[in-house]
Each structure stands twice: as C-alpha cells, then as structure tokens.
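Let me begin by presenting the structure, written as structure tokens, before commenting on it.
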Amino acid sequence: MTLTNHDLEEMVDWQNGSLSPEIFTNEEIYRRELEKVFGRTWLFLAHDSLIPKPGDFFTTYMGADPVIVARQRDGSVKAMLNSCRHRGMMVCRAEEGNMKQFTCPYHGWVYNLAGELTSAPYEEEVYHGKLDKSKWGLRSIRVEEYKGLYFGNFDDDAPPLVDYLGDFTYYMDTWLDASDGGMEFLPGIIKWRVPGNWKIIAEQSGGDAYHAAVTHASSLGLLMAYDPALENEYGHLVGSRQGHGFAFFSEMAGGKAAGMGPEVTEWLDNRVRKMEEKHGRGRPIGGNFTIFPNFGGLPNLSNEPTTSARTIFRVWHPKGPNEFEAWEFVAVDKSMPQELKDELITRVSFAEGAAGVVEMDDGENWAYVRDILENGYQARKISWNMQMGMGTEVWEHDEYPGHIQNQGFGELPARAIYRRWLEFMTSEEWPVVQSDPRVPEFVERAKERAKASPTVIRDRATWVPETSADA
Amino acid sequence: MTLSYEETAVHQDEAFPYIHVSPELQHQVTQFYYHEARLLDEWRWSKWLALFAQDIRYWMPLRRNRLRTRSFDQEIPTRIGMSHMDENHHELSMRVKQLESSTHWSEQPPSRTRHVVSNVWVEQVETNDDGIEELSVRTYFIVYRNRSEVDVDVWAGQRQDVLRRDPETGFKIANRTILLDQNVILSKNLSIPF
C-alpha cells in the first residue's frame, strides 16, 4: 500500500481536532518521515559548551542517521554523517572526546576533523593514484547556530535556522539569555530507550500540562508541590505556525536556596532582576516546549527556587516507528555559583530522566500506547480526539507571538505540531509557511531581536588553536 | 565473631587487591544481601529503606562510551556529573513513598522482580572515627523485571557498598554506588530500586 497525500490529510485533521493512531506505528509513514521531516528540518545537534576545544567532537543522530559534530581548528563547528564512504561503517563510536582524525575500523579510510578523506591504506598500490579523495569525504551537513545551540540540516535548500525558528526565538531568548554570559550544559547525558513513537513525546513536550495531575500523581503533589488548578488558570499555550509549541508561565522564582550561602540567594535574585531588565516583566519564562520536530525541554520550570534556575533540554531520536531514544541534558547559566551547580547536578536526576520520580511514569504510558497500536487492528482504526480548547484560541495576541490559548490545559500546540508535520509530509518543495499573513513579520522581528541582543559565543577572531595532547 | 582489619590477612596483588575474611564474616555479609534482595522482591520497600544509614549517598552514575586509549578512566565518572540517581536519605525515602502510593503507574500494579546477587567480595574492613566497623563490599547483580503481561527487562551491574555494623539489622548501608552495565538504558524507565 502506498499512502497518498490525501490519506495523510485524512489521518491528521487538525482543523476538526482528530487524529488517526496509524501515524504512530505505520512503517511506511515512518520511512517518509525520515525523508520529508528529518531530512529537511533543523535538528538539534549540540551546545557550544559540549565541544569547547579544537578537536573536540560529539556524536549524535539526525533522524535515525549517526552524525559527528566537531570543533575545527579555527573554532567553527562542522557536522558530518558518521558513515564511511567506502562501506558505510561508523568512523566514530565514542560519545565524545578529542581527535585529530577519524579512522574507519573496517578498512582504515581516514578522515580529518572536517570530514575530508585524507588517506586510505595502501592507497598507491591498490588505487594507483585513481582515488579522488576530494570527492569521497564524509557527507557534510549544513550547520547553523542560535545563541549557543547548534542545529544541523540535511537540506541545502531549507531556509536559514532563524527563519525556521521564526518568532519562537521570542520565547527561546528568555531561556538562553537569562543572565550574562550565556549557558553551559552540565557534563553527562541521560539516555534511555522508550517503546513508543517519537511524535508522542513531541506533542506532550510541546504543551500537554493536562496529563501532569494524573500521570504524575505519585510525584507531583505527593513528593513535590503542585496544583493543577493554578496550572490551568495561570498557564498559557502557544502554537507556532512553524510547528513549535510551548506551555508557559510568566513568573520566575528567585529567592533562597535551602542550606546554601547568601551568595547563592543573591545570585538567584539577581538572575530574576536581570532577566526582567533584559526581556521585560511578564515575558514567558518557564514551561515546557517542543521545537519541531524533536527538540524540547523544561526551561526554568521546577517546584522550588533552587532548581528552577536550570533548563532541561531533551532530544528524542526516532529508532523505527515504535521506538525512540530520549536524551536529557541539563543547562545552567555559566555565571551560576559553583556551589549551586554542584547542588543542581545531584538534584536534577531526582525528578527527570529514566529514573526520575516524575518522568519515569511517562514511559509507562508511552510504552503501553505503543503495545496497543503495534498489536491491535481495531485500536489503529479508531480516531483520537485532539479538540481541547478548539475555538478559544487567540489568533493575534498583543504581546505574545504565535497562536495563543489563555489556559494551561489545551491541545493548541499539538494541533500546531501535527499541522506542520502534515505540511512536511505532503509537500515536494520545502513547505514554506504561507497561510498565515503574519509569519513574514514574525521572521523579521526575530531577526531584529537577534541583531539587537546578540550572544557572542566565541570570539573567532582571537581563537587560539590548541594542540590536543592525546591525538 | 568478627575479624578486625588488623586480623585479616591482606593480599596485595598489584592488579587485584583483596583480603581474606573469615567464613563467618563472608556468610554474614552474603546473608545480609540475600535479605535485602528479598525485601525488594517482596515489595517491602519501607523495610528495605530501614537498611540504609541516615548519611547514605545512593548513587547511580552514567556510563559513558569513551575511547580506551584516551580517556578510559572517564568511562565511570569520578567527579560530580549527571547521574541516573544521586540520593540522600530524604530523597530515597521519597522514592519509597512514591513506590507505596497507589498512583505510581510505572509500579501499579507492581513489577515482579528478582534481584540475584553474587560475587560478594569484602574488599576492606576498617574502623571508622566513631569506633564502628565498616566494610567495603563489591557485589554483582542481575535484576529481572516482568510487569503486566509481556513487559520484560533485564539489568546487570555492580554495586560498591560501604556496610556499617549495626546492632539491629546487622549492617546499615552507608554508601552505595551502582554501576549499571548500560550506556543507553534499554528500558522505558528505572522505576525499581537496585
């Protein structure tokens, strides 16, 4: 069976709020996603602080394809497909480290940090000077950066990253620029395999607060302060026309950190003050978000002041239609006192991650949804409801960009995500957002803001290449 | 009878330090671990929690895929870094509270588990500043989990414990480091204690 665009349009009826579960489990749909969604969208690669020195590399995935991200001698960052041009073997299987070159373990083809083929064993004897090394480098990947976050794109015709993010940068800036000096990612990534389709976490991360009181009843409310009524009353939802989603609160916690000195308290209070000076009071700050398709997290969101000063970032890599791999990073302001960094790093895994008292209960739902869909027939043929809040959206908000819902529980972000998914899945050309007249204006405003408040990640003019000791 | 540190014969092999302990001490330690495993597998989590000292650090660090020639020592983090669990007594007691609640869906209904503990090595016997004997003990484990119908996970790893003599329970676990032999956790969560 070959799915037509019409079939897909029937499965994702975002206008009337219904969804076919077929999109979560169908192999053909998954294969098309790798081409049309993961092959064309901007995908999160790494943060600047994960690869600080020349020769530092970090391995990740774009869609289901392995990718190397490497800091070059001139300080720039390049990304390349982690697959040898001779027989496809991965040329790097460490998660991170520092290298001068990558040697394929199969036949020994050698690539430099930029992915260029530099030598092959017995090259003269066996290729007789006929191996054109300039043509057989690792497949290079377009890379762009926004405030320390590096994204990659397989599609050279895709619009620039800042256009892709669109007005969502309005929200991102508050997480990435809360204090002077930018962010750093703390060492270590929690990685775990979840039986489930990647879209199920994309929509939850993009704004499903509705599940929290039930799914997380044994952690939120029991182990941590939580009031679902407040969440709905003071929460807002954003559905960006570019497919990004956000559920947010606009108050940021400062104040005391239990058991820590006045320096920490002062720093926390200062952070709130600086944030408000920079971005204005009432600016959306904490919540949970998805940047289409597979990057998201929990910026500045926690039940208590100390841990609210960190942002959890997540990426979910598809591993077939019925499985994804979740990666969890923790980021803090570089200027945070070391005492508080140490405290956060020991505390953050308590709530989130594979063993986190909150997050572990999500895995249960995702996995059982997968089981039902994988094995069932009737269960795949019913339709699912995503109508919550339909008809109450504000299409133009005075302050907040994107489509807005003035309540914390709703499926506006989910409808925005699936609408965009459908556009990617059904178009041959790169799907430019055209139906919303305000989008070009959003993009212009985003560019102006980026110009007005640039975050200097590294001063490349004064970059001093370091020689790696262990090359 | 318990052998003090002085009474134990220390064999200091360069690559592999170990000590001879009396059969009785070996037996006490092994029985303690069997008891602990049974409490876990019978869902008696409060009783299990009572085996931990108030100053416990219960730590499950991440494992990292590093290149051997360069930074193999960093495979297991020695300094502070992100972890699956890094708990003090209060946090551990909250986990138990969660396990005992009726709405902890990853353990409701609870998983059937078998904690199989083996390779019990008493590596060091010392007397702490309060004059109480402390043992460094390494154990290997295999944990099997089945929940609901066909949901199965198997985890293997090593625990490095400090056991402190205790008049009530025989020992209290004063420190626990759990090295799970997975870089990517191959299960939807880690909702059971190790």
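Scanning for something charged (D, E, K, R) and either open to solvent by 30 Å² or more (accessible area, probe 1.4 Å) or within 14 Å of chain B (Cβ to nearest Cβ) (or both), does segment A:235-247 turn up at least one residue?
No; the residues of segment A:235-247 include none that is charged (D, E, K, R) and either open to solvent by 30 Å² or more (accessible area, probe 1.4 Å) or within 14 Å of chain B (Cβ to nearest Cβ) (or both).
Looking at segment A:108-124, which of its residues are more than 13 Å from residue A:84 (Cα to Cα) and either free of Cβ contacts under 8 Å to residues at least 12 places away in the same chain or open to solvent by less than 40 Å² (accessible area, probe 1.4 Å) (or both)?
The initial filter retains those residues of segment A:108-124 that are more than 13 Å from residue A:84 (Cα to Cα), namely A:113-114, A:121-124.
Those that are more than 13 Å from residue A:84 (Cα to Cα) and either free of Cβ contacts under 8 Å to residues at least 12 places away in the same chain or open to solvent by less than 40 Å² (accessible area, probe 1.4 Å) (or both): A:113, A:114, A:122, A:123, A:124.
So which residues in segment A:177-211 are within 14 Å of the chain's Cα centre (by Cα), more than 13 Å from chain B (Cβ to nearest Cβ) and of a type in the set (A, V, I, L, M), if there are any at all?
Answer for segment A:177-211, where residues must be within 14 Å of the chain's Cα centre (by Cα), more than 13 Å from chain B (Cβ to nearest Cβ) and of a type in the set (A, V, I, L, M): just A:202.
State all residues of segment A:330-342 that are among the aliphatic types (A, V, I, L, M) and facing chain B (nearest Cβ under 10 Å); if no residue qualifies, say none.
First pass over segment A:330-342, keeping only residues among the aliphatic types (A, V, I, L, M): A:330-332, A:336, A:340.
Across segment A:330-342, the qualifying residue is only A:330.
For segment B:88-102, give me each residue that is within 7 Å of chain A (Cβ to nearest Cβ) and either outside any helix (DSSP H, G or I) or open to solvent by 30 Å² or more (accessible area, probe 1.4 Å) (or both). Give the steps one after another, and end with the answer.
Filtering segment B:88-102 for residues within 7 Å of chain A (Cβ to nearest Cβ) gives B:91, B:94-95, B:97-98, B:101.
B:94, B:97, B:101 - these are the residues of segment B:88-102 that are within 7 Å of chain A (Cβ to nearest Cβ) and either outside any helix (DSSP H, G or I) or open to solvent by 30 Å² or more (accessible area, probe 1.4 Å) (or both).
Select, from B:67, B:3, the only residue that is under 30 Å from residue A:60 (Cβ atoms), open to solvent by 10 Å² or more (accessible area, probe 1.4 Å), of a type in the set (A, V, I, L, M) and modelled with pLDDT under 95.
Details: B:3 fails: under 30 Å from residue A:60 (Cβ atoms).
Answer to the selection: B:67.
Which residue, of A:399, A:428, is open to solvent by 40 Å² or more (accessible area, probe 1.4 Å) and more than 27 Å from residue A:227 (Cα to Cα)?
On the way: A:399 fails: more than 27 Å from residue A:227 (Cα to Cα).
Step by step, each of A:399, A:428 is checked, and only A:428 is open to solvent by 40 Å² or more (accessible area, probe 1.4 Å) and more than 27 Å from residue A:227 (Cα to Cα).
Any residue in segment A:328-352 that is within 19 Å of residue A:263 (Cα to Cα) sitting within a Cβ distance under 9 Å of a residue that is aromatic (Phe, Trp, Tyr)? List the pairs, counting only those 6 or more apart or interchain.
A:332/A:185; A:333/A:267; A:335/A:267; A:336/A:267; A:337/A:267; A:340/A:267
If a residue must be within 10 Å of chain B (Cβ to nearest Cβ) and closer than 15 Å to residue A:21 by Cα, how many such residues does segment A:343-374 contain?
Looking only at that region, the number is 6.
Please specify each residue of segment B:42-52 satisfying the condition of being surrounded by 18 or more Cβ atoms within 10 Å (Cβ to Cβ) and away from chain A (no Cβ under 14 Å).
Within segment B:42-52, the subset surrounded by 18 or more Cβ atoms within 10 Å (Cβ to Cβ) is B:45, B:48-49, B:51-52.
Correct list: B:48, B:49, B:51, B:52.
Search segment A:280-324 for residues being surrounded by fewer than 23 Cβ atoms within 10 Å (Cβ to Cβ), out of contact with any Asp or Glu (no Cβ under 7 Å at 6 or more places or on another chain) and basic (Lys, Arg), and hand back the single one that is farthest from the other protein chains (Cβ to nearest Cβ).
A:281
Output the number of the condition that residue B:173 fails; it satisfies all remaining conditions of (1) within 14 Å of chain A (Cβ to nearest Cβ); (2) over 25 Å from residue A:326 (Cβ atoms).
Of (1) within 14 Å of chain A (Cβ to nearest Cβ); (2) over 25 Å from residue A:326 (Cβ atoms), only one is false for residue B:173: (1).
Identify all residues within segment B:172-191 that are open to solvent by 10 Å² or more (accessible area, probe 1.4 Å) and β-branched (Val, Ile, Thr); write none if there are none.
The answer is B:177, B:184.
Find all pairs meeting these conditions: Cβ atoms under 8 angstrom apart; at least six residues apart or on different chains; first residue within segment A:44-69 and within 21 Å of residue A:317 (Cβ to Cβ) and open to solvent by 10 Å² or more (accessible area, probe 1.4 Å); second residue assigned to a loop (DSSP other than H, G, I, E, B) and among the aliphatic types (A, V, I, L, M).
Cβ pairs passing all conditions: A:59/A:94; A:66/A:90.
Can you say whether residue A:327 is away from chain B (no Cβ under 12 Å), closer than 16 Å to residue A:198 by Cβ and assigned to a strand (DSSP E or B), as far as the supplied structure shows? So that I can check it myself, show each step before the final result.
Working: away from chain B (no Cβ under 12 Å): no; closer than 16 Å to residue A:198 by Cβ: yes; assigned to a strand (DSSP E or B): yes.
Taking the combined requirement at face value, the residue does not satisfy it.
The values are calculated or read from the model by the stated rules, or taken from the named source; none is laboratory data. All figures in this text were calculated on a predicted structure; none of them were measured in a lab. Glycine also receives a Cβ, built like all others from the backbone with ideal geometry; neighbour counts cover every protein chain displayed. Surface accessibility is based on the protein's heavy atoms, side chains included, excluding ligands, DNA and RNA. Shrake-Rupley method; radii C 1.70, N 1.55, O 1.52, S 1.80 Å.
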